[in-house]
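The values are calculated or read from the model by the stated rules, or taken from the named source; none is laboratory data. For clarity, every value in this text was computed on a predicted model and none was experimentally measured. Neighbour counts run over all protein chains shown; Cβ positions are idealised from the backbone, glycine included. The accessibility values were calculated without ligands, DNA or RNA, using every heavy atom of the protein model including side chains. Shrake-Rupley method; radii C 1.70, N 1.55, O 1.52, S 1.80 Å.
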Amino acid sequence: MKIESIETERLYLRGFTREDARFAVGIWNDPEMGQYLPDEAMEEIDPEYLREIEKLGEDPDCCYLISEARDTHERIGTCSFIPSPDGRVYDIAYCVHKKFWRMGYATEMAGGMIDYAAGQGAARVTVSVGQENAASNAVVRKLGFRKVGESTYRKRGTDRCCRDYKYELVLQAEEG
């Protein structure tokens, strides 16, 4: 799913390209940066896995984005959203490279996606956050999300069971 870029005060959230694959994998497969993500960190990246990641910008259902600094165009992190078939609910995700942690970029990325969803007529935005991920839980609470549930999943390639909180932000009252 492709969109025009989303602009925030300091960031462009632009479409994911083939050239972004190594940057994204570098975040997602890092033991520290990816610890709350569903994939296991890999010591060596499988070439087939990398080819799959290179195609994310072509995904028809999920909008994969790269956040980059407006002033330098340096890549800051990755983010994505999946709208429901009727466009009323947007499920978002975000991840910031550790060299940019504690600078407000996660809040800004999520805020940009929320503004985009609102502009598209979405009624709600949802996000899943690892229960142990204190920083991300603080981000969504700061943005006004409320906890609406919990879930568990098995981290791919491991026996490790992880627990998430499901959050929701109501943008407009739904009819009916």
Of the residues A122, A110, which is under 22 Å from E32 (Cβ atoms) and of a type in the set (A, V, I, L, M, F, W, C)?
A110
Can you tell me which residue in the stretch 82-96 is nearest to G121 (Cα to Cα), limited to those that are among the aliphatic types (A, V, I, L, M) and out of contact with any helix residue (DSSP H, G or I) (no Cβ under 7 Å at 6 or more places or on another chain)?
V89
From the list Y94, Y90, pick out the single residue that is touching a Pro at 6+ places or on another chain (Cβ under 7 Å), surrounded by 21 or more Cβ atoms within 10 Å (Cβ to Cβ) and under 27 Å from E4 (Cα atoms).
Y90
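Results for (1) touching an Asp or Glu at 6+ places or on another chain (Cβ under 7 Å); (2) open to solvent by less than 40 Å² (accessible area, probe 1.4 Å); (3) closer than 15 Å to F81 by Cβ, shown as yes or no for each residue.
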{"residue": "I3", "(1), (2), (3)": "no, yes, yes"}
{"residue": "R10", "(1), (2), (3)": "yes, no, no"}
{"residue": "F16", "(1), (2), (3)": "no, yes, yes"}
{"residue": "D20", "(1), (2), (3)": "no, yes, no"}
{"residue": "A24", "(1), (2), (3)": "no, yes, no"}
{"residue": "D30", "(1), (2), (3)": "no, yes, no"}
{"residue": "M33", "(1), (2), (3)": "no, yes, no"}
Residue check, I114 assigned to a helix (DSSP H, G or I) and either surrounded by fewer than 20 Cβ atoms within 10 Å (Cβ to Cβ) or not basic (K, R) (or both):
yes
Those residues of the stretch 36-53 which are open to solvent by 20 Å² or more (accessible area, probe 1.4 Å) and β-branched (V, I, T), in sequence order
I45
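Residues checked against (1) out of contact with any helix residue (DSSP H, G or I) (no Cβ under 7 Å at 6 or more places or on another chain); (2) in a loop (DSSP other than H, G, I, E, B):
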{"position": "A135", "(1), (2)": "yes, no"}
{"position": "G144", "(1), (2)": "yes, yes"}
{"position": "K147", "(1), (2)": "yes, no"}
{"position": "D159", "(1), (2)": "yes, yes"}
{"position": "K166", "(1), (2)": "yes, no"}
{"position": "L169", "(1), (2)": "no, no"}
Selected residue (only one of K155, K142, K166 is within 27 Å of D86 (Cβ to Cβ) and touching a residue at least 12 places away in the same chain (Cβ under 8 Å))
K166
Condition met for R124 (open to solvent by 70 Å² or more (accessible area, probe 1.4 Å), basic (K, R) and more than 15 Å from the chain's Cα centre (by Cα)):
no
Kindly provide the set of residues from the stretch 54-82 that are over 24 Å from A135 (Cβ atoms) and crowded, with 19+ Cβ neighbours inside 10 Å, ordered by number.
L56, G57
Matching residues in the stretch 127-167 - criterion: being crowded, with 17+ Cβ neighbours inside 10 Å, modelled with pLDDT of 95 or more and charged (D, E, K, R):
D164
